[in-house]
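What follows draws every value from the coordinates through simple rules; no lab data is involved. Nothing here was measured: the structure is a model prediction, and the numbers come from that model. Every residue, glycine as well, gets a Cβ built from its backbone with ideal geometry; the counts of neighbours run over all protein chains shown.
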Amino acid sequence: MSGTLNKVMLIGHLGDDVKMNYFEGGNCIGRFPLATNESYTNRQTGERVTNTEWHNIVVRNKAAEVCEKYLSKGDKVYVEGRLKTRQWQGDDGNMRYTTEVQVTDFTFLTNKADSQGGTSQPSSGQNQGPVSNQQSSPQSQQQQSPASYEDEDDDLPF
């Protein structure tokens, strides 16, 4: 295979709220740290060990505004994107480097309706517009539906 691929998929928890930077022309960038965990049992001691890896997440424009509005520290989120390394000269004259995940798609995994008792939030990033009052949670949709799943006739063998 002669092609290349730069793709990252992460599920983790926000380490801080989304920090926004706005630019002339209406563009903006949102940044937040994302923590992913790896757990295993140490064979020698038998104790559970958890390693946390921190990722620098960058979201742009409308997606950044959606993230700022609906995400907060501790929320669980799926992000998909590509790795990009930036470099700059620090105040001390040394070159600094950072690797970031440039997000192309995301899905909110924390259910705000259950945790806060409010209206449901959009579950996916760039394809979602503002939340309308007509949008309802899956629980309320089930309550409004007169037919139950047990009454449905289908051809499924199980």
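Across segment 47-76, what is the total count of residues that are assigned to a strand (DSSP E or B) and farther than 22 Å from N27 by Cβ? Let's see the steps before the verdict.
Here is the first cut: in segment 47-76, the ones assigned to a strand (DSSP E or B) are 48-60, 76.
Still in the list and also farther than 22 Å from N27 by Cβ: 48-55, 76.
Residues in segment 47-76 being assigned to a strand (DSSP E or B) and farther than 22 Å from N27 by Cβ: 9 in total.
Could you please give the count of residues in segment 57-91 that are under 13 Å from the mean Cα position of the chain (by Cα) and farther than 19 Å from F23 by Cβ? Adding up the residues that qualify gives 12.
Which of the residues spanning segment 1-30 are touching a residue at least 40 places away in the same chain (Cβ under 8 Å) and not aliphatic (A, V, I, L, M)?
If we filter segment 1-30 for residues that are touching a residue at least 40 places away in the same chain (Cβ under 8 Å), which is where we start, we get 6-18, 20.
Matches in segment 1-30: N6, K7, G12, H13, G15, D16, D17.
Of all residues in segment 42-68, which are surrounded by 10 or more Cβ atoms within 10 Å (Cβ to Cβ) and free of Cβ contacts under 8 Å to residues at least 12 places away in the same chain? If the condition is that a residue be surrounded by 10 or more Cβ atoms within 10 Å (Cβ to Cβ) and free of Cβ contacts under 8 Å to residues at least 12 places away in the same chain, then V49 is the only one that fits.
Of the residues making up segment 7-40, those that are over 23 Å from K62 (Cα atoms) and exposed (fewer than 10 other Cβ atoms within 10 Å of the Cβ) are E38, S39, Y40.
So, in segment 1-28, exactly how many residues are over 15 Å from the mean Cα position of the chain (by Cα) and either under 16 Å from E65 (Cα atoms) or of a type in the set (A, V, I, L, M, F, W, C) (or both)? So the answer is 11.
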